[in-house]
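Structure first, commentary second.
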Amino acid sequence: MSETERARANPNHRGDEEYNFFLAVLFPHNQLRILDYNRVVRDLNGLQPGKFIAEIEKTFDVSEGPHPAWPSRRGEYGMYLKGKWYTLHAPGDLPADPDPWSASTCPYSRGNSSGPYSASTTRARTRGSILWGDTGMDELERRVNSGEMAVAFALFPTSIDELMKIAGRGKTMPPKSTWFEPKLRDGVVVHFLS
């Protein structure tokens, strides 16, 4: 039951009841690490692999390898397709002050409606899954090699400094774009609300 539902159900609601609060934890920014949130996609939107790469090349510079193609900077992505790793580079200079929605985007959903996927369509958003960075590049390969997914993208994680700039401007990151470490362990603190 949400806080609003609990308040409505309580005829004597004052605002200081336990259900109005939640547990929070603070970590110093210099002790935080953001891991990548990688993407796997079920199909190539009806395209053959060569045509899919050609569509990606409309937005990115594409080169084969290395194995695995772990991104080393913002604007660089790894792509695993048909047993091969590719490195994708966003051409040109990247803005020093990233937009939160572009800082964590994936090549298949970069807002290019003429590309192989369009981020604006529900079908594109439901085609894939997200894997956080501690699952590793082997898991990206496994999901594609098994046939469960058609292509995988490795993303460079947002930095703590970028995140702090975005928060300082009053903006928020997109869902499933930041995986923080360390995480407070589940079950360390449990409190049941009455």
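The values are calculated or read from the model by the stated rules, or taken from the named source; none is laboratory data. Since this is a predicted model, take the numbers as computed values, not measurements. Here the Cβ positions follow ideal geometry from the backbone for every residue, glycine too, while neighbour counts run over all protein chains shown. For accessibility, only protein heavy atoms count, side chains too; no ligands or nucleic acids. Shrake-Rupley method; radii C 1.70, N 1.55, O 1.52, S 1.80 Å.
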Q: Filter the trypsin sites (Lys or Arg not before Pro) in segment 1-93 to those in DSSP coil with at most 16 other Cβ atoms within 10 Å of their Cβ, and list the result.
A: R14, R42, K58, R73, K82
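Just by accessible area at a 1.4 angstrom probe, what is the order of M164, M1 from largest to smallest?
M1, M164
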(Q) Counting only other residues whose beta carbon sits under 12 Å from that of A69, what net charge do I get with K and R as +1, D and E as -1? (A) -2
Q. Using a Förster distance of 22 Å, how high is the FRET efficiency between L23 and K171, based on the Cβ-Cβ distance and rounded to 0.05?
A. 0.30
Q.
Once R0 is set to 41 Å, what does the formula 1/(1 + (r/R0)^6) return for the Cβ-Cβ distance between S72 and V190, expressed as a FRET efficiency to the nearest 0.05?
A. 0.50
